[in-house]
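Worksheet: the structure to be examined is printed underneath.
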Amino acid sequence: SINNGADINNNTSGEGGAFYVGGGTVNLLGGAVYMNSASYGGAFVVSDNGKLKLYDGSVYENTATVDGAGIYNTGSVEFYAAGNIDASNDVYLPVGETITMAAKSVFSSAIVTITPEEYAEGIRVISGDYTAMNASLCNITPQEEMEWHINSSGKLTTSEIKYVLTDRRLYFII
């Protein structure tokens, strides 16, 4: 686990500048992961058998020369209430991979920027019980001239989506 007060910075690797999560679980409970670099996953590579749980802490200013300045994910990445990745970083998702929304976010602005390997209507990029509640807090890396959004099912769409909260219900207007 990475706890409050821990600074993981200035590391370089081919995959996962700060961490290569090849198995087991890494819990980000606090602290900061920043200014790391790699070809894939400037801060983290989460591979097939690995799991990264983002409870709190900061992930920012990491760089990747190929994909995933923040995280390159082929395993499991879960966002909890205070989990977020700074806009200076992204989570790269190969085809078929998602990030999981495991709790309602405490934030009112973007918690993650997702870069999917493939951009197409209906591709799922978010899963989990809190997908609909947190979808409006997730950005998609722009692709050429096309603006992409995430609908309440966690899928990519080019339709503009407006989120309206009334009477304690969340409505999605397409």
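The values are calculated or read from the model by the stated rules, or taken from the named source; none is laboratory data. This structure is a prediction, so every number in the text was calculated from the model and none was measured. Here the Cβ is made from the backbone with ideal geometry for all residues, glycine too, and neighbour counts use every protein chain on show. SASA here: full protein model, heavy atoms, side chains in, ligands and nucleic acids out. Shrake-Rupley method; radii C 1.70, N 1.55, O 1.52, S 1.80 Å.
Quick notes
- G75 meets each of the listed conditions (1) at pLDDT 95 or above; (2) open to solvent by 60 Å² or more (accessible area, probe 1.4 Å) apart from (2).
- Flag for V66 being among the β-branched types (V, I, T), open to solvent by less than 10 Å² (accessible area, probe 1.4 Å) and modelled with pLDDT of 95 or more: no
- Selection of region 104-125 for residues being more than 21 Å from S58 (Cβ to Cβ), open to solvent by less than 80 Å² (accessible area, probe 1.4 Å) and either touching a Lys or Arg at 6+ places or on another chain (Cβ under 6 Å) or in a loop (DSSP other than H, G, I, E, B) (or both) yields Y119, A120, G122, I123, V125.
- Residue that is crowded, with 18+ Cβ neighbours inside 10 Å, polar (S, T, N, Q) and within 23 Å of Y130 (Cβ to Cβ), where the choices are N84, N36: N84
- Pairs linking a residue in region 89-101 that is among the aromatic types (F, W, Y) to a residue that is open to solvent by 40 Å² or more (accessible area, probe 1.4 Å), with Cβ atoms under 7 Å and 6 or more positions apart or on different chains, are Y92/D67; Y92/Y72.
- Residue match in region 126-135 (condition: modelled with pLDDT of 95 or more, over 13 Å from the mean Cα position of the chain (by Cα) and surrounded by fewer than 14 Cβ atoms within 10 Å (Cβ to Cβ)): yes
- Region 114-127, residues that are free of Cβ contacts under 8 Å to residues at least 40 places away in the same chain and polar (S, T, N, Q): S127
- Complete set of residues in region 126-151 that are under 26 Å from D56 (Cα atoms) and aliphatic (A, V, I, L, M): I126, A132, M133, A135, L137, I140, I150
- Looking only at residues of region 136-166 that are exposed (fewer than 12 other Cβ atoms within 10 Å of the Cβ) and either closer than 18 Å to A102 by Cβ or among the acidic types (D, E) (or both), we find that the one that is modelled with the highest pLDDT is E147.
- Residue in region 41-53 that is of a type in the set (F, W, Y) and assigned to a loop (DSSP other than H, G, I, E, B) present: no
- Of all the criteria given as (1) part of a strand (DSSP E or B); (2) closer than 21 Å to L137 by Cβ, the one not satisfied by N84 is (1).
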